[in-house]
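**Student:** The structure's right below; bear with me while I get my questions together.
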Amino acid sequence: MNTTTGIMPIEVLLVEDNPGDAELTRIALEDSKISINLNVVEDGVEAMAFLRKLDRYTNVPHPDIVLLDLNLPRKDGREVLAEIKTDVHLKRIPVVVLTTSQAEEDILKAYNLAANCYITKPVDFDQFVRIVQSIENFWFAIVKLPPE
C-alpha cells in the first residue's frame, strides 16, 4: 500500500525474455500517476510458477494484470495463456499479449485462448513508450479490474 495515498499499487506481471523490452516497459511505467508494482519473469515456466506461487514465488503478490510476450523460452506465451485461462484461480486475470508477432494465426490463436487484447510491439522507442502508457491508461485508469 502506498503510505501517502493509502492506495494499493496495481500489481503487474510482465512475462518478457528480452531484457531491453522489459527495461523499456519499466521506463514507460515509471512516470505513472498510478502506483504500479512491476514484476518481471523471463519465460513461461517462471510465469506459471509466479502465478501459482510455487518455489521461490510463494510470497509474491497476485497480479492484477499480465503483460505477456508470445515467443518465450521453455514454455511459450500461447501455452502460458492457455494455462491461465483454463485455471479456475487465474482465469479472471486480464492478459494483454504484447509481442512482436504480427502473424494473423498468432492473433487468432491468442483471442481463441481468451486473451483480453493483442498488441504488436513497435520497434521505435517513442512508439513503444506510448503503447505501454496507453495500456496503463486503459487498464489501470479506465477499466475496473476484478478482485483477487
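**Student:** If the requirement is being free of Cβ contacts under 8 Å to residues at least 40 places away in the same chain and out of contact with any helix residue (DSSP H, G or I) (no Cβ under 8 Å at 6 or more places or on another chain), which of these qualifies: E105, E83, E79? Before you say what the answer is, go through the steps one by one.
**Tutor:** Values: E83 fails: out of contact with any helix residue (DSSP H, G or I) (no Cβ under 8 Å at 6 or more places or on another chain); E79 fails: out of contact with any helix residue (DSSP H, G or I) (no Cβ under 8 Å at 6 or more places or on another chain).
It is E105.
**Student:** Determine which single condition A49 fails, assuming it passes every other condition in (1) modelled with pLDDT under 95; (2) surrounded by 17 or more Cβ atoms within 10 Å (Cβ to Cβ).
**Tutor:** Just one mismatch for A49, condition (1).
**Student:** Do you know which residues across the range 128-148 are in a helix (DSSP H, G or I) and basic (K, R)? Walk me through it before giving the result.
**Tutor:** So in the range 128-148, the residues in a helix (DSSP H, G or I) come out as 128-142.
Once the filter is applied, which keeps residues that are in a helix (DSSP H, G or I) and basic (K, R), the range 128-148 yields only R130.
**Student:** Tell me which of these I10 doesn't satisfy, since it passes every other one: (1) modelled with pLDDT of 90 or more; (2) in contact with a helix residue (DSSP H, G or I) (Cβ under 6 Å, 6 or more places away or on another chain); (3) surrounded by 18 or more Cβ atoms within 10 Å (Cβ to Cβ); (4) not charged (D, E, K, R).
**Tutor:** Status for I10: all satisfied but (1).
**Student:** If you don't mind, another one. How many of the residues in the range 110-127 are surrounded by 19 or more Cβ atoms within 10 Å (Cβ to Cβ) and assigned to a helix (DSSP H, G or I)?
**Tutor:** So the answer is 1.
**Student:** Can you name every residue in the range 131-143 that is at pLDDT 85 or above and either exposed (fewer than 14 other Cβ atoms within 10 Å of the Cβ) or farther than 11 Å from V96 by Cβ (or both)?
**Tutor:** S134, F138, listed by residue number.
**Student:** A further question on this structure: Taking the range 104-148 as the region of interest, how many residues are acidic (D, E) and touching a strand residue (DSSP E or B) at 6+ places or on another chain (Cβ under 8 Å)? Before the answer, list the steps.
**Tutor:** Filtering the range 104-148 down to residues acidic (D, E) leaves 104-106, 124, 126, 136, 148.
Subset that is touching a strand residue (DSSP E or B) at 6+ places or on another chain (Cβ under 8 Å): 106, 136.
Number satisfying all stated conditions: 2.
**Student:** Give the residue that is farthest from L13 (Cα to Cα), with candidates limited to residues of the range 97-109 that are crowded, with 17+ Cβ neighbours inside 10 Å and within 15 Å of the chain's Cα centre (by Cα).
**Tutor:** Filtering the range 97-109 for residues that are crowded, with 17+ Cβ neighbours inside 10 Å and within 15 Å of the chain's Cα centre (by Cα), the one farthest from L13 (Cα to Cα) comes out as T99.
**Student:** Moving on to the next point. Looking only at the range 37-46, which residues are of a type outside the set (D, E) and crowded, with 17+ Cβ neighbours inside 10 Å? Don't jump to the end; show me each part of the working.
**Tutor:** Restricting attention to the range 37-46, the residues satisfying the condition of being of a type outside the set (D, E) are 37-41, 44-45.
Within the range 37-46, L38, V40, V41, G44 meet the criteria.
**Student:** Among strands (runs of 3 or more DSSP E) lying entirely in the range 1-101, which contain 3 or more residues that are farther than 15 Å from W139 by Cα? Break it down into steps so the answer makes sense when it comes.
**Tutor:** Values: elements: 10-15, 36-41, 65-68, 95-99.
Where strands (runs of 3 or more DSSP E) fall fully within the range 1-101 and carry at least 3 residues being farther than 15 Å from W139 by Cα, they are 36-41.
**Student:** While we're on this one: Name every residue in the range 86-102 that is free of Cβ contacts under 8 Å to residues at least 12 places away in the same chain and either hydroxyl-bearing (S, T, Y) or on the phi > 0 side of the Ramachandran plot (or both), in order of residue number.
**Tutor:** T86
The values are calculated or read from the model by the stated rules, or taken from the named source; none is laboratory data. Keep in mind that what you see is a predicted model, and the values were worked out from it rather than measured. Heads up, the Cβs are rebuilt from the backbone with ideal geometry, glycines too, and the neighbour counts pull from every protein chain shown.
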